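Data block below; observations after.
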Amino acid sequence: MTQTSSSRLPRVRASELTGRGWLNTGGKDLTLKDLRGRLVLLDFWTFCCVNCLHVLDELRELEEQHRDVLVIVGVHSPKFVHEADPVALAAAVDRYEVHHPVLDDPDLTTWSAYSARAWPTLVVIDPEGYIVAHMAGEGHKNNVAVLVRELVAEHEAKGTLNRGDGPYVPPPVTSSTLRFPAKAIRLPNGNLLVADAGHHSLAELAPDGETLVRRIGSGTRGLVDGGPDQARFSEPNGLCLVPRELVDHELDVDVLVADTVNHTIRGVRLADGQVTTVAGTGEQYMVGGGENVDLYPDGTAPVDDRSGVGYSSDPRQLRLSSPWDIVWSPAAAAFVVAMAGNHTLWTLDLLQNQLTRLAGTMNEGLVDGPLADAWFAQTSGLAVDAGGRVWLADSEVSALRHLDLGTEGGVVGTAVGAGLFDFGHRDGPADQALLQHPLGVAVLPDGSVVIADTYNGAVRRYDPAADGGPQVTTLARDLAEPSGLLVEAHDDGALDLLVVESAAHRITRLRLPARLAGEILDGGAHRTQRPVAEIGSGAVTLDVVFTPATGQKYDDRYGASTRLQVSSTPPGLLLDGAGDDVPLTRTLRINPEVAEGVLHVTAQAASCDADPAIEFPACHLNQQDWGVPVRVVSGGPAELSLPLHG
């Protein structure tokens, strides 16, 4: 929410910043008093959340431009148990190049004090210590920039603004061949190619997995095509060899790269390391907020020439959102791309030069069924089995999912996983097993599936043909955020599993036993613990309050400008009020026999430039998803209000 000085929030003092400790301050604890005279932007984030990572990237330029007056403070409020580990948090701050102080808030103390309900949430505090803006979700870069300029001018005139160096102290620099590697593939020459995300490049290693042969990419974050010394990537993750039959069609690329933070797919010619962009403009497609180039069901999009006319199916004309992995699918006769940033899967056909949405609604959650109706949550690692089934590590729902493309137009199913808020380390029957934020998946020769169970530091195995029904076991433990897997079968029947240990900056080789029984472990089940909102039973009014950005108004030129979707876990929590409708206010009927649960709310509101003199107004689709834990109490509040800001 960006507001003029006459229409800002009531003057409310900001709460103190309280947590377990601080990072990026040289060991010093910060207080709001230390920051008085500066603009403060609190960024409530958690490092599993791709939307939070988007915001980190959005804020980089703003941070550099206003470093003498603006202090960004990351308030890390974890979702998963692993994220509450201070060592894991320090690694994440290093991995994502966070160049501002970070408050470690494992008990969600500061999160609660600022009434945050969603990851990410931004709060702006003025130089006098008052809250002036509170906004959830991503896509607020331009509005925050406007607000910062207004506040700088206002407080410079009042004499309450202090310029100078901020409290950020960079951590010591360490060096290694790999830095937070993500995925690895075996090249035709026997070498390994590794997506070296922390070095913003690709590393070709000798067969031993340690000796550096060459590097493709300059190592500087950016989006530049060219030779191996000039090309630039930004946190590349997924890699896929282009099938020989496609290379023979003169495609001139041998490997595809999911260049995640650049929101692009890059192609690499191995002969000389030449890098080209094959999909994506380099700008993020925004589901919630920001200027969008809409994507149509057939994969076409308006050409962004600000004329409002013209269409193109050229994948380089489309805005993508954090592609995370790529795999070749014979059943689809195309590459399948996990688009983590908007919870979908896409097909990329290089011969036809088309990029098309394959599955997912862009809503976040775990819903099986026809491809077009399925819900995913940060689609991550991909693999294809001998029968053509596509396997997916669906990270935010801690699930192993699968796509059967030849079944009645395509169907999505779940092998392991319970939903957005349930996770753990539990082996046994697959319908009771639990994972914790997996990022990688691979298929073994016997048809079973191995999973890089990233936040459990484990490699797990799903065996659909086990005696007694599908079963999950643990093959290896005590790994440092395993993120990628590569299966190698030897002539004598032995199996090696190459594990990309991202947080250990290395490739680890595991020799798998002849009988892949694995261990049966029960490390317990967990649910995401966030402050619970108390509500009454019976009628409860849900009110999503939408505030268009400065200079914007509701966009109702083509019909209703708003949309509200509501569901619950368990479904029986809602006796009435679930479903999809236009108004942003709805009466819910809460079941008094259900003590607690989660309300899943997705709200959308379209807005456009309000000035009638603008011939082609800039339009925005503002969207936010909430999972609101609730407790039903006698005589509890009969209203639940959620802010949706433009």
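The table below gives the values:
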{"item": "Filter result (without any contact (Cβ under 8 Å) to a residue 60 or more places away in the chain, buried (at least 24 other Cβ atoms within 10 Å of the Cβ) and in contact with a helix residue (DSSP H, G or I) (Cβ under 7 Å, 6 or more places away or on another chain)) within segment 359-383", "result": "ALA359, ALA377, THR379"}
{"item": "Qualifying residue in segment 464-476 (condition: under 25 Å from the mean Cα position of the chain (by Cα), closer than 23 Å to LEU510 by Cβ and outside the structural domain of ALA197 (by TED's automatic domain parsing))", "result": "no"}
{"item": "Test set (1) of a type in the set (A, V, I, L, M, F, W, C); (2) surrounded by fewer than 21 Cβ atoms within 10 Å (Cβ to Cβ); (3) in contact with a Phe, Trp or Tyr (Cβ under 7 Å, 6 or more places away or on another chain) - CYS48 fails condition number", "result": "(2)"}
{"item": "Test result for VAL146, surrounded by fewer than 18 Cβ atoms within 10 Å (Cβ to Cβ) and under 30 Å from ASP229 (Cα atoms)", "result": "no"}
{"item": "Residues that are more than 22 Å from ILE507 (Cβ to Cβ), outside any loop (DSSP other than H, G, I, E, B) and not hydroxyl-bearing (Ser, Thr, Tyr), drawn from segment 413-447", "result": "GLY413, ALA415, VAL416, ASP422, PHE423, GLY424, HIS425, ARG426, GLY428, PRO429, LEU434"}
{"item": "All positions within segment 476-485 that are crowded, with 20+ Cβ neighbours inside 10 Å and either among the aliphatic types (A, V, I, L, M) or over 15 Å from PRO438 (Cα atoms) (or both)", "result": "ALA476, LEU479, LEU485"}
{"item": "Meets criteria (buried (at least 18 other Cβ atoms within 10 Å of the Cβ) and within 30 Å of PRO78 (Cα to Cα)) for ASP104", "result": "yes"}
{"item": "Close pairs from segment 449-460: first on the phi > 0 side of the Ramachandran plot, partner crowded, with 24+ Cβ neighbours inside 10 Å, Cβ under 8 Å, at least 6 apart", "result": "GLY457/PRO482"}
{"item": "Those residues of segment 158-212 which are in contact (Cβ under 8 Å) with a residue 60 or more places away in the chain, among the hydroxyl-bearing types (Ser, Thr, Tyr) and buried (at least 20 other Cβ atoms within 10 Å of the Cβ), in sequence order", "result": "none"}
{"item": "Any chance GLY74 is in the same structural domain as LEU161 (by TED's automatic domain parsing), modelled with pLDDT of 95 or more and not aliphatic (A, V, I, L, M)", "result": "yes"}
{"item": "Failed item, numbered, when GLY440 is tested on (1) touching a residue at least 60 places away in the same chain (Cβ under 8 Å); (2) surrounded by fewer than 16 Cβ atoms within 10 Å (Cβ to Cβ); (3) not β-branched (Val, Ile, Thr)", "result": "(2)"}
{"item": "Residue ID - farthest from ASP373 (Cα to Cα), chosen from residues in segment 580-594 that are at pLDDT below 90 and either of a type in the set (Gly, Ala, Ser) or part of a strand (DSSP E or B) (or both)", "result": "ASP581"}
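The values are calculated or read from the model by the stated rules, or taken from the named source; none is laboratory data. These numbers come from a predicted model, not from an experiment. Here the Cβ is made from the backbone with ideal geometry for all residues, glycine too, and neighbour counts use every protein chain on show.
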